[in-house]
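A.B. asks: Quick one: the structure is below, questions incoming.
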Amino acid sequence: MLHFKTIIEPFRIKSVESVKFTHREDRVKALAEAGYNVFRLHAEDVLVDLLTDSGTGAMSAAQWGALMQGDESYAGSRSFYRFRDVVRDLTGYRHIIPTHQGRAAERILFHSVLKPGDVVPNNNHFDTTRANVEVEEAEALDLVIPEGRVPSLVHPFKGNIDLTALERTLEADGARVPLVMVTVTNNTGGGQPVSLENLRGVRRLCDRFGKPFFLDACRFAENSYFVKVREEGHAGRTPKSIAQEMFSLADGCTMSAKKDGLANIGGFLAMNDDGWAERCRNLLILTEGFPTYGGLAGYDLEAVARGLEEVVEEPYLRYRIRSTEYLHERLVAAGVPVIRPAGGHAVYIDARALLPHVPPLAYPGIALANALYVEAGIRGVEIGTVMFGRRPDGTEAPGPMDLVRLAIPRRVYTQSHIDYVAEAVIGVARMKDRLRGYRITKAPAVLRHFTALFEPLPA
């Protein structure tokens, strides 16, 4: 029997969209007009868009077909029950509450259960999760294992929460902890997975201290595949069975279906607690809509339901993880500092290590992201001091790391696109000494990285 090393895309391309090629001088002008913030660029001026993997994937023919089955009844549509049944089969939770995206689920959950002074432990909170905790005047506490804070260190499960630190927190501050969360995979820390063993440890601690345990589950399928290939004893299991066990260890989850739901919009909040579910549904009605549509059209519910079935298929996950590994390997071979090992949905360049002459408060991640756009038309995103350096009291300090994330949309780009990205990143890395820092000229008080305006520092 022949064995092939090449992993091909588990799909055929059925429809294409043209991309716009621009000249360097056009991109220089566009970036200046955007206040040197790639979030503010017009998408048509971007050649390869790696800003995010959220809602940017390609839907399958089956998903597009499912759109035509959407029941747009305001209340009790059959599309909701199809969605509910798929989510319940996957998660096992009693209460399934649709939302228009993950941050809405976060907002509803935290507004319903947090009070000022509370503490929410997590391996790492991502930007909107942290903001939704802090807007309730609570503390978002990051407790990732020490290995997860060292970009160059290789560890199979760098997303694990530090169980010893979690135990100390629950012992010392348990009265202030209404729930414990774990993000799978750990986006802030480089798309790194969390092991089943670690999740079982969280479950034991939550049982001991009487605390609910929630997953931020937007990349649950990628995490399940990492468990299958990296954690001893799970090689023979299906990704779906691993995912079901992950969910069974928690009491509920928030979910952005714009990631591992393979949809362009959608999400949900799911849990077992009847009282919490009632409070969340009441807030949902105020902010999102009736509990059987939750801010989504019926056809969105159908697309998410089908996407959740497709995302746990092993050929898809094998291709997905390998695509990210391929770019990661190209950059490592060229000496570009990246978070190691490769994560699931993105490659994270260590901008602080690449640009040691740019101090953290001069935002090396912004410098690198802007250079990638100007030189190659590639849009990544800073995950560093701009995103995480501002404290609730308005002061600023260097973020834990200064990274540039290259998030790969699902089922969108070919290997040629990824080869181009690798070539461009390596080229920009070779001109690193020419890059300079930035300063903020205007920024909102919350989630400043989305809309802040910058200007380059003088040479």
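The values are calculated or read from the model by the stated rules, or taken from the named source; none is laboratory data. Please read these numbers as outputs of a predicted model, since none were measured by experiment. So basically every Cβ, Gly included, is an ideal-geometry build from the backbone, and we count neighbours across all protein chains shown.
A.B. asks: What number of residues in the range 416-459 are closer than 13 Å to Ala371 by Cβ and among the acidic types (Asp, Glu)?
C.D. replies: 1
A.B. asks: Given the conditions (1) touching a strand residue (DSSP E or B) at 6+ places or on another chain (Cβ under 8 Å); (2) modelled with pLDDT under 95, which single one is not true for Val16?
C.D. replies: (1)
A.B. asks: Additional query: Of everything in the range 354-402 that's touching an Asp or Glu at 6+ places or on another chain (Cβ under 6 Å) and assigned to a strand (DSSP E or B), which residue is surrounded by the fewest Cβ atoms within 10 Å (Cβ to Cβ)?
C.D. replies: Arg390
A.B. asks: Does Lys259 qualify as being basic (Lys, Arg), over 18 Å from the mean Cα position of the chain (by Cα) and assigned by TED's automatic domain parsing to the domain that holds Pro98?
C.D. replies: It is false that Lys259 is basic (Lys, Arg), over 18 Å from the mean Cα position of the chain (by Cα) and assigned by TED's automatic domain parsing to the domain that holds Pro98.
A.B. asks: Of the numbered conditions (1) on the phi > 0 side of the Ramachandran plot; (2) small (Gly, Ala, Ser); (3) in contact with a Lys or Arg (Cβ under 7 Å, 6 or more places away or on another chain), Gly295 fails exactly one; give the number of that condition.
C.D. replies: Gly295 satisfies all of (1) on the phi > 0 side of the Ramachandran plot; (2) small (Gly, Ala, Ser); (3) in contact with a Lys or Arg (Cβ under 7 Å, 6 or more places away or on another chain) except (3).
A.B. asks: Just to verify a result, which residue in the range 274-300, among those that are aliphatic (A, V, I, L, M) and not in a helix (DSSP H, G or I), is farthest from Asp251 (Cα to Cα)?
C.D. replies: Ala297
A.B. asks: Test Val358 against the criterion of being within 21 Å of the chain's Cα centre (by Cα) and closer than 22 Å to Pro398 by Cα, and give yes or no.
C.D. replies: Against the criterion (within 21 Å of the chain's Cα centre (by Cα) and closer than 22 Å to Pro398 by Cα), Val358 does not qualify.
A.B. asks: Pick from Leu301, Leu283, Leu249: which is of a type in the set (A, V, I, L, M, F, W, C) and within 22 Å of Gly70 (Cα to Cα)?
C.D. replies: Leu301
A.B. asks: Take the range 417-445 and flag every residue that is out of contact with any strand residue (DSSP E or B) (no Cβ under 9 Å at 6 or more places or on another chain) and modelled with pLDDT under 95.
C.D. replies: Pro444
A.B. asks: Ala303 is checked against (1) among the small types (Gly, Ala, Ser); (2) crowded, with 19+ Cβ neighbours inside 10 Å; (3) over 19 Å from the mean Cα position of the chain (by Cα); (4) not assigned by TED's automatic domain parsing to the domain that holds Ser79 and fails just one. What number does that condition carry?
C.D. replies: (4)
A.B. asks: Another question about this same structure. If I filter the range 41-49 for residues that are over 29 Å from Leu403 (Cβ atoms) and part of a helix (DSSP H, G or I), do I get at least one hit?
C.D. replies: Scanning the range 41-49, I find no residue that is over 29 Å from Leu403 (Cβ atoms) and part of a helix (DSSP H, G or I), so the answer is no.
A.B. asks: To continue, here is another question. Take the range 152-161 and flag every residue that is crowded, with 20+ Cβ neighbours inside 10 Å, assigned to a loop (DSSP other than H, G, I, E, B) and not small (Gly, Ala, Ser).
C.D. replies: Passing the criteria: Phe157, Lys158, Asn160.
A.B. asks: Further question: Which one is nearest to Gly190 (Cα to Cα), of the residues in the range 111-128 that are at pLDDT 95 or above, surrounded by fewer than 24 Cβ atoms within 10 Å (Cβ to Cβ) and not acidic (Asp, Glu)?
C.D. replies: Val119
A.B. asks: Using the structure shown, decide if Gly267 is under 18 Å from the mean Cα position of the chain (by Cα), over 11 Å from Leu196 (Cα atoms) and of a type in the set (Gly, Ala, Ser).
C.D. replies: So Gly267 passes the test.
A.B. asks: Here's a follow-up. Filter the range 308-326 down to residues that are touching a helix residue (DSSP H, G or I) at 6+ places or on another chain (Cβ under 6 Å) and closer than 15 Å to Gln63 by Cβ and give me whichever is surrounded by the fewest Cβ atoms within 10 Å (Cβ to Cβ).
C.D. replies: Val312
A.B. asks: Here is a list: Asp85, Asp71. Which entry is modelled with pLDDT of 95 or more, closer than 23 Å to Ala305 by Cβ, assigned to a helix (DSSP H, G or I) and acidic (Asp, Glu)?
C.D. replies: It is Asp85.
A.B. asks: For the range 327-344, which positions are closer than 30 Å to Ala61 by Cβ and not in a helix (DSSP H, G or I)?
C.D. replies: Scanning the range 327-344 gives Ala342, Gly343, Gly344.
A.B. asks: Could you tell me whether the range 244-263 includes any residue that is of a type in the set (Lys, Arg) and surrounded by fewer than 24 Cβ atoms within 10 Å (Cβ to Cβ)?
C.D. replies: no
A.B. asks: Please work out which one of (1) more than 21 Å from Ile383 (Cβ to Cβ); (2) touching a strand residue (DSSP E or B) at 6+ places or on another chain (Cβ under 6 Å); (3) not aliphatic (A, V, I, L, M) is the condition Thr164 fails and give its number.
C.D. replies: (2)
A.B. asks: Something else: Take the range 113-151 and flag every residue that is more than 17 Å from Phe388 (Cβ to Cβ), touching a helix residue (DSSP H, G or I) at 6+ places or on another chain (Cβ under 9 Å) and not in a loop (DSSP other than H, G, I, E, B).
C.D. replies: Selection gives Val113, Val119.
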